[in-house]
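The values are calculated or read from the model by the stated rules, or taken from the named source; none is laboratory data. Since this is a predicted model, take the numbers as computed values, not measurements. As a convention, Cβ positions derive from the backbone with ideal geometry for all residues, glycine included, and neighbour counts pool all protein chains shown.
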Amino acid sequence: MGVIMGFSIVRAMSALTFVASVVFSSVTTAQSVAVNGQVTGQGGPKQFASVSLEGPGRYTAITDAGGAFTIPNVTPGRYTVRVRQGNHVEAFTRDVGSGPIQLVVKW
């Protein structure tokens, strides 16, 4: 009976080790995406605006002369996206990870 019991304990320990390895692997291989988009509004593209993402992570970028931005290595998920330029601030909620983001501000 001691041998059978010992075998069961070893088998249970092996199963626990496997489960721990799978959970650890899932956490360490979380996918990241590059988020790109454009900010436009009255008068066309908004150049040199700050675009920040707040959600599963925090990220910031500055738009170029055409209002375009790219933020690399973003964890996919739901984010509050804030666009700031001078005294203007506008917030949007977006799901990040499925494609480009188009942001149209009111100013």
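What the table shows:
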read-out	value
Scan of the range 85-107 for residues that are part of a strand (DSSP E or B) and either of a type in the set (V, I, T) or surrounded by fewer than 16 Cβ atoms within 10 Å (Cβ to Cβ) (or both), ordered by number	H88, V89, A91, F92, T93, D95, V96, I101, Q102, V104
Residue pairs meeting the criteria (Cβ under 7 Å; at least 6 apart or on separate chains; first touching a residue at least 60 places away in the same chain (Cβ under 8 Å) and over 12 Å from Q85 (Cα atoms), in the range 38-50; second surrounded by 16 or more Cβ atoms within 10 Å (Cβ to Cβ) and among the hydroxyl-bearing types (S, T, Y))	none
Positions within the range 43-84 being out of contact with any Phe, Trp or Tyr (no Cβ under 9 Å at 6 or more places or on another chain), more than 20 Å from S32 (Cβ to Cβ) and surrounded by fewer than 14 Cβ atoms within 10 Å (Cβ to Cβ), in sequence order	G44, F48, G66
Single condition G99 does not satisfy, out of (1) at pLDDT 95 or above; (2) of a type in the set (G, A, S); (3) on the phi > 0 side of the Ramachandran plot; (4) under 13 Å from the mean Cα position of the chain (by Cα)	(1)
